[in-house]
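The values are calculated or read from the model by the stated rules, or taken from the named source; none is laboratory data. Keep in mind the model is a prediction, meaning the values are calculated, not measured. Please note: Cβ atoms are built from the backbone with ideal geometry, for glycine as well, and neighbour counts cover all protein chains shown. Ligands, DNA and RNA are stripped out before the accessible areas are found, and what is left, the full protein with its side chains, is counted by its heavy atoms. Shrake-Rupley method; radii C 1.70, N 1.55, O 1.52, S 1.80 Å.
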Amino acid sequence: MRISIRDVANRANVSHATVSRVLNNVDVPIADETRQLVRHIANELGYRPNRAARALATGRTQTIALWSVNLRSAHYGDVIHYTHEEVIRHDYEVLISAASMSDNLTIDTFKLLTWPVDGILAVDLPRGIIPGLKNSFIGDKPFINIGAYVHTEADYVLVDFEEQAAEAIRHLASVGCRRIAYLVPDWFEWFEESRDARLVGYKAAMAELGRKPEYVRTFDESRQSVAPALSAYLDRNGCPDGLFCYNDDMAIASYPVFGERGLRIPQDIAIVGCNGIRDTTYLHPTLTTIVQPLQQVCASAWSFLKRRIDDPSMPLQQVIVPARLEIRGSTRRK
């Protein structure tokens, strides 16, 4: 005979709601002794949740999909962490999926739409075509997108760091950098089309300073792509004295390249990253970076998605969240 939440509640002499909140780790005030008792009795009775039965009864699976084209970066690991922190408080779970694109920039939604989820949270999707996206729904599934790139016909939480990118370039100039290069994936056509905030901010600030833009182009945005591209660039062009990086991973990967050449950070080369991942505080010197307020972004995103699930007809929910430039050791010149 299947053990139910009510069986656990009766044995523990607490309410059905209390058992549900304890077993689903909902962040509400419940005494530690009660939490321990409920978990002990649930294990003793052999309670196992039946999500399929609950979905049939309520029409909801209590699960959302988190969808991204990039799952390897520490930045997206933080997005997953903060999103999970939010949804678990409301008795939801998260499924993770990598978004793929066809050659004509159409985003493949077929697999995702077969998943039994109540909503979709997409992170930094490229500005390709999303089949079926209308009024913040893909098919019958509520859809919200977050990050530096968003689709404006849906609910979104946009992180804006165009001004912070420009501020980073001005900061590098203020500490004496004359040649300020941009370490960036070689995706310029798409960056121009999507008005990538980093590229727009970099170009605007360089024009303001009367400097010529200088690009160190890599194959992609991963750490492993940096060393061969940066080393070849330095061999051909010598070393700039300022480096703005597309993301923190690329900035981190540049450190050993300069170290192997006997170049000091920040004395010989001052470096700025972007995203604000935790790794940046463990470097020596620590990395100056544009910090995305991910905890705030993920909390807003979940709030928007939950409202859309509860009220499909509500107006579009859209907000812009500013990033901040955090000055650290990699640009502090005495």
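Below is a table of values for the structure above.
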{"item": "Whichever residue in the stretch 310-334 is crowded, with 16+ Cβ neighbours inside 10 Å and of a type in the set (Val, Ile, Thr) and, among such residues, is farthest from residue 65 (Cα to Cα)", "result": "331"}
{"item": "Meets criteria (open to solvent by less than 30 Å² (accessible area, probe 1.4 Å), part of a helix (DSSP H, G or I), of a type in the set (A, V, I, L, M) and out of contact with any Ser or Thr (no Cβ under 6 Å at 6 or more places or on another chain)) for residue 290", "result": "no"}
{"item": "Checking residue 282 against (1) without any contact (Cβ under 8 Å) to a residue 24 or more places away in the chain; (2) open to solvent by less than 20 Å² (accessible area, probe 1.4 Å), the condition it does not meet", "result": "(2)"}
{"item": "Single residue of the stretch 247-260 satisfying the filter (in contact (Cβ under 8 Å) with a residue 12 or more places away in the chain and open to solvent by 20 Å² or more (accessible area, probe 1.4 Å)) that is farthest from the chain's Cα centre (by Cα)", "result": "256"}
{"item": "Filter result for residue 124 (at pLDDT 85 or above, open to solvent by 10 Å² or more (accessible area, probe 1.4 Å) and over 28 Å from residue 198 (Cα atoms))", "result": "no"}
{"item": "Leading residue by the ranking (modelled with the lowest pLDDT) among those in the stretch 152-172 that are in contact with a strand residue (DSSP E or B) (Cβ under 6 Å, 6 or more places away or on another chain) and open to solvent by 10 Å² or more (accessible area, probe 1.4 Å)", "result": "160"}
{"item": "Residue in the stretch 293-311 that is part of a strand (DSSP E or B) and touching a residue at least 40 places away in the same chain (Cβ under 8 Å) present", "result": "no"}
{"item": "Filter pass, residue 204 being surrounded by fewer than 18 Cβ atoms within 10 Å (Cβ to Cβ), farther than 22 Å from residue 79 by Cβ and among the hydrophobic types (A, V, I, L, M, F, W, C)", "result": "yes"}
{"item": "Those helices (runs of 4 or more DSSP H) lying entirely in the stretch 15-83 with at least 1 residues modelled with pLDDT under 85, open to solvent by 80 Å² or more (accessible area, probe 1.4 Å) and more than 28 Å from residue 99 (Cα to Cα)", "result": "16-23, 51-58"}
{"item": "Subset tally (residues that are without any contact (Cβ under 8 Å) to a residue 60 or more places away in the chain and β-branched (Val, Ile, Thr)) for the stretch 261-279", "result": "1"}
{"item": "Total residues in the stretch 174-199, condition of a type outside the set (Ser, Thr, Tyr), surrounded by fewer than 18 Cβ atoms within 10 Å (Cβ to Cβ) and at pLDDT 95 or above", "result": "4"}
{"item": "Residue identified as farther than 30 Å from residue 334 by Cβ, loosely packed, with under 15 Cβ neighbours inside 10 Å and not acidic (Asp, Glu) among 142, 131, 213", "result": "131"}
{"item": "Qualifying residue in the stretch 139-161 (condition: over 24 Å from residue 315 (Cβ atoms), touching a residue at least 40 places away in the same chain (Cβ under 8 Å) and not aliphatic (A, V, I, L, M))", "result": "yes"}
